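Since every read-out is calculated from the coordinates, none of them should be taken as a lab result. This one's a predicted model, so the numbers in the text were calculated from it and none came from an experiment. With ideal geometry, Cβ positions are generated from the backbone for all residues, glycine too; neighbour counts draw on all protein chains shown.
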Amino acid sequence: MKTNKISIIGSGFVGSTSAFAIMDAGLASDIVLVDINREKAEAEAMDLTHGAAFVKTVNITAGLIDDTVNSDLIIITAGIGPKPGESRLDILNKNIPIFKESVPRLAQLSPNAIFLVVSNPVDVLTYITYKFSGFPSHRVVGSGTVLDTSRFKSILSKQFGIDARNIHAYIIGEHGDSEIATWSSTKIAGMSIDEYCKTDNLDCSDEFKTVIHDEVKHAAYEIINRKGYTNYAVALAVRRISEAILGDEQSILTVSGLLSGERGIKDVYMAMPCIVGRGGIRKILPIPLSDKETEALHYSADVLKDIIKQSNLE
């Protein structure tokens, strides 16, 4: 049986909860937690280890970057969060030096690993990880809008009274304010969203769609305003992506990948439906989009490119 070593860089709310989700799913034989606060990482490792009787055998340790050697999957959740009044560019410029120092060393220690970047702003930091790692783009993956897509399905599920797993819909583009809800590709039982609404005399007007999309975009803010952070759903998204990679599932997930001409967009990481397996991103899928959605996707790409251009990357 193949063993899987997963290293999680950052043991904060997202990193530690992701470790729990991965442990509970039995995805790893070894999990290494790395954090600038060594005592925090050690405490999280101890707490997780005490559940050994309830899960598949897994060795969980707290360590340094050197302890990540020969990892199959490196999950980056570390980073400096925002202070009141700071822009995304401010946050990015604080995190670039951290990534510049750690990513090349991580890549050197685990030359065959897949990087999964979760830290925000995720699309830009995934691009930066790609640049600093020297890895081919398909082995540097961002968590993208996997969580946003789940939120979209969850909200539609409540509106329609249908299992979220039977709603086929995507959020694409930036994991952020310029993300796009692909209404033109949304399907329920093979029907378009408008066709489905007609079968049940439901209101699926443009106003309804705008309200749903805004709820998806603002979901994280609502949670953060109430408890200060998000962790559970994002950890499940990390677990799902990890599962697809380590199980070589060839699953379709809206991870953040490097566009190289798709939709006329180049040299930017952003979320699109991608085939994901052991090698990372096998293919970015050219799903059908309306003219309005295509225009919004180009705008989203420009937003991300502008952030990179203004950053202290070089």
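Details
- Computed lengthening from ASP163 to ARG278, 0.36 nm per intervening residue step minus Cα-Cα distance: 38.5 nm
- Applying the criteria of a DSSP loop state and at most 10 other Cβ atoms within 10 Å to the trypsin sites (Lys or Arg not before Pro) of region 1-78 yields LYS2.
- The dipole here belongs to region 128-276: it is taken about the Cα centre, uses +1 on the Cβ of Lys and Arg and -1 on the Cβ of Asp and Glu, and is about 480 debye.
- Shape descriptor for region 152-202: Rg over Rh equals 0.99 (Cα atoms; Rh from the Kirkwood inverse mean 1/r).
- Its Cα centre serving as origin, region 5-142 has a Cβ charge dipole (Lys and Arg +1, Asp and Glu -1) of approximately 400 debye.
- Remark: the Cα gyration tensor places region 168-314 in the rounded category, a/c being less than 1.5.
- Once the Cβ-Cβ distance of LYS94 and GLU207 is raised to the sixth power relative to R0 = 41 Å, the FRET efficiency obtained is 0.55.
- Sorting the Cα pairs of region 45-114 by distance into bins of 5 Å, from 0 upward, gives 3, 13, 18, 16, 16, 14, 11, 6, 2, 0 percent per bin.
- Relative intensity, log₁₀ I(q)/I(0), of region 5-142 from a Debye sum that treats every alpha carbon as a point, q = 0.15 Å⁻¹: -0.69
- Folded to 0 to 90 degrees: helix 38-49 orientation relative to the chain principal axis, Cα: 80 degrees
- Applying a 4.7 Å Cβ-Cβ cutoff to the chain, the cysteines left without a disulfide-compatible partner are CYS274.
- Dipole of the chain, positive end: most advanced residue of ASN93, ALA21, SER150 [Cβ charges, Cα centre]: ALA21
- To the nearest ten degrees, helix 88-109 and the longest principal axis of the Cα atoms of the chain are 50 degrees apart.
- Sequence-distant contacts, meaning Cα pairs under 8 Å at least 6 residues apart, place the relative contact order of the chain at 18 percent.
- Translational D in µm²/s for the chain (Stokes-Einstein at 25 °C, 0.890 mPa s, Kirkwood Rh from C-alpha pairs): 123 µm²/s
- Cβ-placed point charges (K, R +1; D, E -1), dipole of the chain about Cα centre in debye, nearest 20: 600 debye
- Positive minus negative residues near VAL58 (Lys, Arg vs Asp, Glu; Cβ under 13 Å): 0
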